[in-house]
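Since the structure comes first, as structure tokens, the remarks are kept for the end.
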Amino acid sequence: MKVSRSCYYGWLERRAAASKRSEDANRVKKCFYFHSRRYGSRRIAVELGLGRFLVRRLMREQGLVAIQPKRFRPQTTDSRHNALISPNLLKDAENHPKAPGEAIVGDITYLRLINGLFCYLAVFQDKFTRRIVGWAVAETLEAEMVVAALAMAFRRGLIKRNAIIHTDRGSQYVSKDYRDLLGLHDIRQSMSGKGNCYDNAQAESFFSRFKTELVEGGVFESVGQARSEAFSYIEGYYNRIRLHSGIGYLSPIEFERRWRIDDQTIMSEVISQPVKQTRAMLASNPPRNNRPETHP
């Protein structure tokens, strides 16, 4: 039986296309489970360099459904104290950060334990890079927890002199020890407006991701486990691997690294670009050298 050349080459193309689709499906599945079901089609598409609609279709065909974040519900803060309240400095556009270490946001959330009790997580996050620069887990809501988290950031050299640190009006943030630490490093304190938790939405967004992507079962077995899991998630995954749409689908440390090797103009443009333009821009402007990041 004779087959025309066009039919033969058409058959080869269809077989190659089927093979490529199978390969793409396998790559999507591996990426999905590598990130422990935390990535949806958008981030997988960016990481693999595939079209989002293709990734969405391949995920649907394989029954891959990412963990869904819970609805954003701000937690109330105990601000029943008579201490002096600092103004909201981040309301002024001139105070918006233009480089790492210029503006930091902080907050606290509770973590459920299997025995019905709670422990607490305090974080400080760089508003420009999205990096968690300091954190601490404790059994109580005492000021020592936020002091420990902030001290971690200062030890790492990740906060500049005269930077702004913004939090809510919680009693921990008006304590003497906390304010003494701010003064020691010439930090300007900023606080949310009364009853307006959305002033600190970036930190709240991190907690939403943390609880969705790490605490899927809802509880930890102990404070020690909570601290260990927080370390693995923050230092091993969130800061180093997880892609963030607000910084051009890069991890915080990679974004900061590129910024520090004189790609400031490029990285500023990347922040506001759609996915396709982001991918193209980063591909055409690779890092200028391979220096390790400046800070630990």
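Please compute the length gained on full extension between Arg37 and His185, using 0.36 nm multiplied by the number of residues separating them and subtracting their Cα-Cα distance.
Extra length from Arg37 to His185 when fully extended: 49.3 nm.
Under 5 Å between amide hydrogens, which residues at least 5 positions from Asp107 or on another chain qualify, with H placed 1.01 Å from N in the peptide plane?
Val123
Of Lys91/Lys127; Lys30/Lys127; Lys91/Lys176, which ones are farther than 20 Å apart at the Cα? Intermediate values should be presented prior to the final figure.
Details: Lys91/Lys127 14 Å; Lys30/Lys127 31 Å; Lys91/Lys176 25 Å.
In this structure, Lys30/Lys127; Lys91/Lys176 lie more than 20 Å apart at Cα.
Would you mind putting 91-98, 49-56, 169-176 in packing order, based on average other-beta-carbon counts within 10 Å, highest first?
Ranked from most to least packed, the peptides come out as 169-176, 49-56, 91-98.
Between beta-carbons, use under 14 Å as the cut-off and find the net charge around Ser228, counting Lys and Arg +1, Asp and Glu -1.
-2
From the phi angles alone, apply the Karplus equation (6.51, -1.76, 1.60; θ = phi - 60°) to the range 137-153 and give each ³J(HN,Hα) in whole Hz, x where the residue is Gly or Pro.
Ordered by residue, 3J(HN,Hα) equals 10, 9, 7, 10, 8, 5, 5, 4, 5, 5, 5, 5, 5, 5, 4, 4, 5 Hz.
How large is ³J(HN,Hα), in whole Hz, for each residue of the range 204-211 in order, when computed from phi with the Karplus curve 6.51 cos²θ - 1.76 cosθ + 1.60 and θ = phi - 60°, using x for Gly and Pro?
Working through the residues one at a time gives 4, 5, 4, 4, 4, 5, 4, 6 Hz.
Could you work out how far the C-alpha centroid of the range 38-61 sits from that of the range 200-240, in angstrom?
The two parts, judged by their Cα centres, are 24 Å apart.
Throughout, read-outs are computed from the coordinates displayed, never taken from laboratory work. The shown structure was predicted, so the numbers you read here are calculated from the model rather than taken from an experiment. Backbone-built Cβ (ideal geometry, glycine too); neighbour counts: all protein chains shown.
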